[in-house]
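All of the numbers you see were taken from the coordinates with simple rules; none came from a lab. None of these values were measured; they are calculated from a predicted model. Cβ coordinates were reconstructed from backbone atoms using ideal geometry, including for glycine residues, and neighbour counts include every protein chain displayed.
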């Protein structure tokens, strides 16, 4: 499974949706993922790829890690997997 | 109903090993937060905290006591010693039979759990010390205080996460006010600054890596502290008869439950607790001069708390002072309300308002007088102490100058 598919699967599970319903341009808010769900998704992604994501729930939009859309999250994970490999 | 006064106070926390040391640090706006020092700290992503330094437990307690006292109990006993010495109360006869101890803690003996899990899981040992259970249990501190001071009345421990101490002190207040107990030892203690304790908090992603900056627009989370605050709550007439030095009067309290979310705070729940404490005290909102905020430094708490203050106080919200001393001593979780009550006592008795340090940028969502960075002199008649816990459990105490 590609990084993209794996991330979408994790987000879909958190949102209780089918992976096909999670499009790259969707925001987590649109998918119905709240702040706790976001923290859980970040944890699940870290576990799946064995990486550390610089994410602080107090400033979700201002860190190094862009969570503004599913595509942005996937791009961020791809970068971290490269850097932390 | 009896009037209830505070006749003794004791503490140990990152700012000092006594009440005078702690109040001096608060007046000076000193920060007790620094690099954490304990085993495996390098495996944490959060490496700062308000750690108690130079405590010297070995010099305070004998070998047998050390095998029974977790660090949270050690803190409690150190603070209780100071509080009871100040109160000058000896418990015997009827006074002993009816007076008790109600304390708050969220985690109890976290360090004992941590050490012994490490021993059996990591080191592969199959045997633990026989006193692990009596050492780690949440009521251990309350029980040891009862034994040390011969308190034979109502005694137990309250655990409501970050509001534990305030719930405990509210119950002690209620017991003295109703005439059930002539005096109660109350407050709380916490000691979670160990690898497992901080690792658990790290998971929630709400901790700051650099500083606790409540109400500042650039705040980025909470910082944990540790320690204890212990008080003697006493029937006013009883205290007067024996000529005790009275620090402040406890005049009201309220508890509320958000019944909404396990971690996100609610403006309504917080506002109801503040308004409830004033109603219980029979005090008009405009007599409140100071609020010791819950003020954790998280995005969610600080803006919700400020909105709740605006709701509960109306136009008076812009005239009162509200500060978060967590910026200096960190968040003592279940012990936090007890240490923070000292700031309320200082405001009422000494006319000094502890500052919110680390304040750098105004936040339009926290547009109240947060006493930024420097302590201020002001005459305060009534002060509130806020605690809003995970789980949506809120407890607010109202104190008055006497």
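Please give the average number of partner chain Cβ atoms lying within 10 Å of the Cβ of each residue in B:207-220, rounded to a whole number.
Partner-chain Cβ atoms within 10 Å, mean over residues of B:207-220: 1.
Expressed as a whole number of Å, what is the distance separating the alpha-carbon centroids of the range A:68-85 and the range B:347-402?
42
Using a ≥ b ≥ c from the Cα gyration tensor of the range B:329-402 (square roots of the eigenvalues), is it rounded, prolate or oblate, where a/c under 1.5 gives rounded and otherwise the larger of a/b and b/c decides, a/b for prolate?
oblate
More than 29 angstrom separation, counting every C-alpha pair in the protein assembly as shown; what % is that?
49
With the cut-off at 1.5 for a/c, could you classify the range A:1-65 from its C-alpha gyration tensor as rounded, prolate or oblate?
Oblate, because a/c is 1.5 or more while a/b does not exceed b/c.
Per 10 Å bin, what percent of the C-alpha pairs of the range B:216-277 does each bin hold, from zero upward?
Spelled out per bin, shortest first, that is 14, 25, 36, 18, 8, 0.
Can you work out D for the range B:92-192 in µm² s⁻¹ from Stokes-Einstein, where Rh is the Kirkwood radius over C-alpha pairs, the temperature is 10 °C and the viscosity is 1.306 mPa s? If you can, show how the numbers build up before the last one.
Details: Rh = 14.5 Å.
Estimated via Stokes-Einstein, D reaches 109 µm²/s.
Counting DSSP beta bridges in chain B, what percent are antiparallel, to the nearest 5?
Looking only at bridges with both residues in chain B, the antiparallel portion is about 65 percent.
What ranking do B:147-158, B:86-97, B:324-335 get when scored by the average of other Cβ atoms within 10 Å per residue, highest first?
Ranked by mean Cβ neighbours within 10 Å, highest first: B:324-335, B:147-158, B:86-97.
Enter the mean number of other protein chain beta carbons within 10 Å of the beta carbon of each residue in B:260-269, as an integer.
Whole-number average of other-chain Cβ neighbours for B:260-269 is 1.
Over the Cα atoms of chain B, what Rg and Dmax result, in angstrom?
Looking at chain B, its Cα Rg and Dmax stand at 19.7, 63 Å.
Take every DSSP beta bridge with both residues inside the range B:292-402 and express the antiparallel ones as a percent of the total, to the nearest 5.
That works out to approximately 70 percent antiparallel.
Among bridges DSSP assigns within the range B:4-241, what percent are antiparallel (round to 5)?
65
Based on the mean of other beta carbon atoms within 10 Å per residue, what is the order of B:42-49, B:348-355, most packed first?
In descending order of packing, they fall as B:348-355, B:42-49.
Can you give me the relative contact order of the range B:4-241 as a percent, contacts being Cα pairs under 8 Å and 6 or more apart?
Computed over the range B:4-241, the figure is 32 percent.
If a/c stays under 1.5 just call it rounded; otherwise compare a/b with b/c (prolate if a/b is bigger, oblate if not). Do that for the range B:251-400, with a ≥ b ≥ c from the square roots of the Cα gyration tensor eigenvalues.
It comes out rounded by the Cα gyration axes.
Looking only at other chains, what is the average number of their beta-carbon atoms within 10 angstrom of each beta-carbon in A:48-60? Write down the numbers at each step before the final one.
Values: counts 0, 0, 0, 0, 1, 1, 2, 1, 9, 10, 15, 6, 2.
Other-chain Cβ atoms within 10 Å of each residue's Cβ, averaged: 4.
Determine Rg/Rh for the range B:50-125; Rg is computed over alpha-carbon atoms and Rh is the Kirkwood hydrodynamic estimate from the same atoms. Working shown, then result.
Details: Rg = 16.2 Å, Rh = 15.1 Å.
With Rh from the inverse mean 1/r over Cα pairs, Rg/Rh is 1.07.
Counting other C-beta atoms within 10 Å, which of B:11, B:67 has the fewest, and how do the rest follow?
Values: B:11 32, B:67 14.
Arranged by neighbour count, lowest to highest, B:11, B:67 become B:67, B:11.
Take peptides B:122-135, B:100-113, B:206-219 and line them up by average Cβ neighbours within 10 Å, highest first, as a rough protection proxy. If you can, show how the numbers build up before the last one.
Details: B:122-135: 12.1, B:100-113: 27.3, B:206-219: 22.7.
Ranking, from highest mean packing down: B:100-113, B:206-219, B:122-135.
Given that compact globular proteins tend to follow 2.2 N^0.38 Å, what is the ratio of the alpha-carbon Rg of the range B:1-131 to that value?
Output field value: 1.30.
By how many nm would the segment from residue B:85 to residue B:68 lengthen if fully extended, with 0.36 nm per residue of separation less the alpha-carbon distance?
Here the segment from residue B:85 to residue B:68 would lengthen by 3.8 nm.
Seen from all sides and averaged, what is the projected area of the convex hull of the Cα atoms in the range B:135-183, in nm²?
Averaging across all directions leaves 3.6 nm² for the Cα convex hull.
List the relative contact order of the range B:251-400 as a percent without decimals, with contacts defined as Cα pairs under 8 Å and 6+ residues apart.
Across the range B:251-400, relative contact order equals 36 percent.
I need two numbers for the range B:4-241: Rg to one decimal and Dmax as a whole number, Cα atoms only, in Å.
Answer for the range B:4-241, Rg first and Dmax second: 18.4, 59 Å.
Relative contact order, percent, of chain B when contacts are C-alpha pairs under 8 Å separated by at least 6 residues?
About 24 percent, as a whole number.
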